[in-house]
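Trainee: Sending over a structure as structure tokens; questions will come in a sec.
The values are calculated or read from the model by the stated rules, or taken from the named source; none is laboratory data. Everything numeric here is computed off the predicted structure, so don't read it as measured data. Cβ coordinates were reconstructed from backbone atoms using ideal geometry, including for glycine residues, and neighbour counts include every protein chain displayed.
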């Protein structure tokens with residue numbers, strides 16, 4: 001879990017704690033203890049210099065300092081760029097800088113608890129996020145800890161998926177189905193398959209929807225252990241465990257074939273900068289290309305592959321118009337139908353979003369593909 005041990009001194013005492021290097025690979029260059037008297041200007045300067053600030057004092061004051069840092073970063077306008085692609089890269093650089101700054105506000109957790117005043121209970125959230133492998137003494141960015149607490153609440157309460165009429169319970173680090181428009185497309189597409197595969201199942205939501213639509217035999221694959229456990233849990237809860245077999249695989253399972261193979265790969269061909277971003281970013285379109293080149297061999301005669309993609313990459317300039325269609329043709333596949341829908345998430349309507357010009361034109365599509 002960790003391969004960094006951090007040591008520091010304060011008020012004549014020496015401390016040491018583990019750093020979660022699998023989640024936050026690079027610890028700060030050095031550490032200082034700060035408290036309730038630290039203002040945003042000082043914190044911003046120290047964070048920019050690479051200092052990790054171990055906060056001792058009132059938990060709510062630490063949260064307010066974090067919020068003040070975020071406001072300071074966000075109020076600075078993004079540089080004007082001549083193209084949407086350049087705007088995207090500037091926006092990503094800003095996001096990385098923002099995360100680097102905010103992750104410098106750090107808490108010391110001992111035996112699953114913080115000694116800070118007004119600190120909430122976090123032991124269950126840590127257990128959930130770290131699969132029970134919580135170091136006895138831990139340094140963790142407040143921003144990351146808040147994400148773990150929020151993820152734990154999502155896992156407990158679940159996320160309502162209207163097309164299922166039930167909730168999906170995402171695990172920490174497994175992308176939540178918050179954008180439901182692509183599920184509407186799966187509900188609309190004609191379906192007669194008796195066997196199906198859900199490639200990169202994540203929470204298992206697509207496999208569950210296929211089962212709800214009547215497909216009796218489904219294989220759901222993923223290469224992440226936490227996603228596999230999450231999918232299995234959700235499918236059991238939804239009553240579809242007898243229809244869906246969850247299998248660890250890097251896309252397809254050996255010689256298995258199916259009448260229908262569905263894949264909703266990450267939509268943007270760019271580098272992920274955090275584990276959760278792997279559900280959004282697919283460097284060099286590696287997963288997309290691997291799916292297209294491999295799916296034909298796993299289709300039964302007259303079988304279909306359903307590829308679910310947004311055209312946001314084209315709108316931004318990360319992928320050339322017509323490039324996806326070329327990859328489909330090169331894989332020996334043809335498009336028999338394309339179902340489109342418009343995104344309903346808030347960013348598509350937020351004119352202050354740096355990528356609004358691209359997001360406002362975005363379409364999400366389900367491509368029904370067959371062998372040529």
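Trainee: Does the stretch 346-365 contain at least one residue that is closer than 23 Å to residue 176 by Cα, part of a strand (DSSP E or B) and more than 17 Å from the chain's Cα centre (by Cα)?
Mentor: yes
Trainee: Moving on to the next point. For the stretch 74-173, please list each of the strands (runs of 3 or more DSSP E) lying entirely inside it that holds at least 3 residues being within 22 Å of the chain's Cα centre (by Cα) and without any contact (Cβ under 8 Å) to a residue 60 or more places away in the chain.
Mentor: Fully inside the stretch 74-173 and qualifying: 159-161.
Trainee: Now for a different question. Could you look through the stretch 300-328, keep only residues that are without any contact (Cβ under 8 Å) to a residue 12 or more places away in the chain and over 18 Å from residue 252 (Cα atoms), and pick out the one that is surrounded by the most Cβ atoms within 10 Å (Cβ to Cβ)?
Mentor: The qualifying residue surrounded by the most Cβ atoms within 10 Å (Cβ to Cβ) is 314.
Trainee: Could I ask something else about it? Pick from the stretch 1-30 the residues that are loosely packed, with under 11 Cβ neighbours inside 10 Å and assigned to a strand (DSSP E or B): which of them is farthest from the chain's Cα centre (by Cα)?
Mentor: Of everything passing the filter in the stretch 1-30, 13 is farthest from the chain's Cα centre (by Cα).
Trainee: Restrict the check to the stretch 339-348 and report whether at least one residue is at pLDDT below 95 and out of contact with any helix residue (DSSP H, G or I) (no Cβ under 8 Å at 6 or more places or on another chain).
Mentor: Checked against the condition, which is being at pLDDT below 95 and out of contact with any helix residue (DSSP H, G or I) (no Cβ under 8 Å at 6 or more places or on another chain), the stretch 339-348 yields at least one hit.
Trainee: Something else now. Just a yes or no: is a residue in the stretch 291-299 crowded, with 17+ Cβ neighbours inside 10 Å and under 29 Å from residue 131 (Cα atoms)?
Mentor: Within the stretch 291-299 (the criterion being crowded, with 17+ Cβ neighbours inside 10 Å and under 29 Å from residue 131 (Cα atoms)), the answer is no, since none of the residues qualifies.
Trainee: Check whether at least one residue in the stretch 31-44 is surrounded by 12 or more Cβ atoms within 10 Å (Cβ to Cβ) and within 26 Å of the chain's Cα centre (by Cα), and report yes or no.
Mentor: No, the stretch 31-44 contains no residue that is surrounded by 12 or more Cβ atoms within 10 Å (Cβ to Cβ) and within 26 Å of the chain's Cα centre (by Cα).
Trainee: Just to check your reading of the model, which residue among 206, 218 is at pLDDT 95 or above, farther than 22 Å from residue 336 by Cα and touching a strand residue (DSSP E or B) at 6+ places or on another chain (Cβ under 9 Å)?
Mentor: None of the others qualify; the one that does is 218.
Trainee: Given 305, 329, 358, which one is touching a helix residue (DSSP H, G or I) at 6+ places or on another chain (Cβ under 8 Å) and more than 27 Å from residue 83 (Cβ to Cβ)?
Mentor: 305
Trainee: Filter the stretch 106-122 down to the residues that are touching a helix residue (DSSP H, G or I) at 6+ places or on another chain (Cβ under 9 Å) and under 15 Å from residue 8 (Cβ atoms), then identify the one that is surrounded by the fewest Cβ atoms within 10 Å (Cβ to Cβ).
Mentor: Here the answer is 107.
Trainee: Shifting gears a bit: What pairs can you find where one residue is in the stretch 246-260 and in the same structural domain as residue 294 (by TED's automatic domain parsing), the other is assigned to a loop (DSSP other than H, G, I, E, B), and their Cβ atoms are less than 6 Å apart, with a gap of 6+ or different chains?
Mentor: Filtered contacts from the stretch 246-260: 247/253; 250/223; 259/193; 259/194; 260/193.
Trainee: So which helices (runs of 4 or more DSSP H) are wholly in the stretch 250-333 and hold at least 3 residues that are within 21 Å of the chain's Cα centre (by Cα)?
Mentor: Correct list: 286-295, 312-316.
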